[in-house]
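This report refers to the structure that appears directly beneath it.
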């Protein structure tokens, strides 16, 4: 499988992209994913989201929801902190009050899940191009970050890179690589035995300065994937909210 509009071609089964490609997608949805702080002022706990999560799909033109699904979201807000829960549901399904559909998701933590709600990646389809798998990786992260505020922010702190972040890693106090430096840094979508692997690198500074590798392995012929988050360099410094 090949794609005609990739930024660079490595070989028949591998396609690379610029960090700018990902940055552009993220900028297009930034104002939708991360709400204004005043939007939920006075609200405490879970509420129905005041932002339509379907708007996040618009820039991701290589992927789409399967017929018979739409997105619905709930928003948690407490003392300036926030995070969301986005589900794919049949359009005709109910959108109940969050207190009426709370579900334990482990470790004693509960989120509202509307009737018929499934994980968004399970409801995704696309054109099966390498770029579509890259877009699915970014889209799912943006939707997991939907509604994030203050201490709820995670993915928003990551800056995707395409070259070694030499300046980021330079420090008089040092830092340590946990493995050999990657030879290639650009975001990549690789097809191997009908299974796509999407890999990209980034920097983050929340709590600790670090360079990370995010690797997504997609199930064959689907847009469902498992992800690995690996810290490959850690150094001094960082910030807390």
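Odds and ends about this structure:
- Of 36, 219, 92, the one that fluctuates the most in a GNM where the chain has Cα springs shorter than 10 Å: 92
- Taking the average, over residues, of other Cβ atoms within 10 Å as the packing measure, peptides 228-236, 51-59, 175-183 rank 51-59, 228-236, 175-183 from highest down.
- Length gained when the stretch residue 43-residue 103 is fully extended (0.36 nm per residue, less Cα-Cα span): 19.5 nm
- The chain, relative contact order [Cα under 8 Å, separation at least 6], %: 19 percent
- Of interest is the spacing of the C-alpha centroids, which for the stretch 161-210 and the stretch 29-102 amounts to 31 Å.
- Gain in span if fully extended, residue 127 to residue 193, counting 0.36 nm per residue against the direct Cα distance: 22.0 nm
- The listed peptides 102-112, 147-157, 21-31, 70-80, ordered by packing as a protection proxy, come out as 70-80, 147-157, 21-31, 102-112 (highest mean of other Cβ atoms within 10 Å first).
- Under the simplified labelling scheme, the residue 239-residue 208 pair shows an inter-label distance of 2.0 nm, with each label point 7 Å from Cα along Cα→Cβ.
- Most to least packed among 206-217, 129-140 [average Cβ atoms within 10 Å]: 129-140, 206-217
Throughout, read-outs are computed from the coordinates displayed, never taken from laboratory work. Model, not experiment: these values are computed from the prediction. When we count neighbours, we look across all protein chains shown, and the Cβ atoms used for this are built from the backbone with ideal geometry, even at glycine.
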